[in-house]
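Presented below is the structure to which this report refers.
The values are calculated or read from the model by the stated rules, or taken from the named source; none is laboratory data. Note that the structure is a prediction, hence the values are computed from the model and not measured. Counting neighbours? That spans all protein chains shown, and the Cβs are built from the backbone with ideal geometry, glycine included.
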Amino acid sequence: MFSKPSVNLLLTSVFTSAFALVGTAANALTLNGSSGSWSNPIDGNFIQYQTIGEDNQIRWGNPVTPGKQSGLGFTGIDSTDIELENVFQIGILSHFNNVIYGNTAASAVNLSLDLDFAELGLKTFDFNLEIDETPNSGNCPYVSTKACSDKISFPTAFSPESFEIDGVSYTLSLVGFSYGADQSILSDFISQEYETSEAILYGKITAVENLTAFSTQPGKQVSEPQTLGGILALGLILTNRILKRDWLK
């Protein structure tokens, strides 16, 4: 027959096991680093790919000044801790706006972003940037300080990545670009001629607990309170049966 301490120990074990089975959202994740690569330029002559320091670049156009092509660059970040629900910096996009001859500019290019998480491994985002390199004559379509400025446009929406850790579902999404940490998120940015303009890319991770592992039907989501209650109920039933069996001996 079970003694009272043994019963208490058994019940404690049941409750401990039940809570251990329920996924708990992490408060932070670690981004080991990020990087970006360019591909599939549309239009543009004399396309070149190069890496300067940590900046991965694509260059295009027949430059008026030798060695001064226009182009885009992306510089990733090193290891950083990420708090859930807070936006975090992924990297810096640069536009090298130099004077090139007409009809030699790229009009769009793909950027592939690789985010290496300690907990998740590699996550990749692919999206397209549109490039409007304007003629440096006539009426400028965008606010300009010298010759006519150009515009880099970003997607209006980004598809989130979904993943799971210890029974908790997360979404990783790109929030967008801005000129600085305290600035508004942009759908495009204006780049002045003869200058290098920069925009910071931000992301965000959100936890959504679905605990599909305890669902009674494939693909059906079960809320945490229901799941925990079911586990506890099962544990108490098993404990009761064990006690009755021992007492009837």
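Quick notes on this one:
- Within the stretch 180-201, being closer than 17 Å to residue 90 by Cα and in a loop (DSSP other than H, G, I, E, B) holds for 180, 181, 182, 183, 184, 185, 187.
- Scanning the stretch 185-224 for residues being at pLDDT below 90, acidic (Asp, Glu) and over 25 Å from the mean Cα position of the chain (by Cα) gives a total of 1.
- Residue that is at pLDDT 90 or above, small (Gly, Ala, Ser) and assigned by TED's automatic domain parsing to the domain that holds residue 199, where the choices are 137, 107: 107
- Selection count where residues are surrounded by 15 or more Cβ atoms within 10 Å (Cβ to Cβ) and either outside the structural domain of residue 97 (by TED's automatic domain parsing) or more than 14 Å from residue 203 (Cβ to Cβ) (or both), scope the stretch 165-193: 11
- Counted as qualifying within the stretch 33-86 are the strands (runs of 3 or more DSSP E) with 1 or more residues that are surrounded by fewer than 14 Cβ atoms within 10 Å (Cβ to Cβ) and at pLDDT 95 or above, namely 48-52.
- Subset tally (residues that are under 19 Å from residue 72 (Cα atoms) and surrounded by 17 or more Cβ atoms within 10 Å (Cβ to Cβ)) for the stretch 116-132: 4
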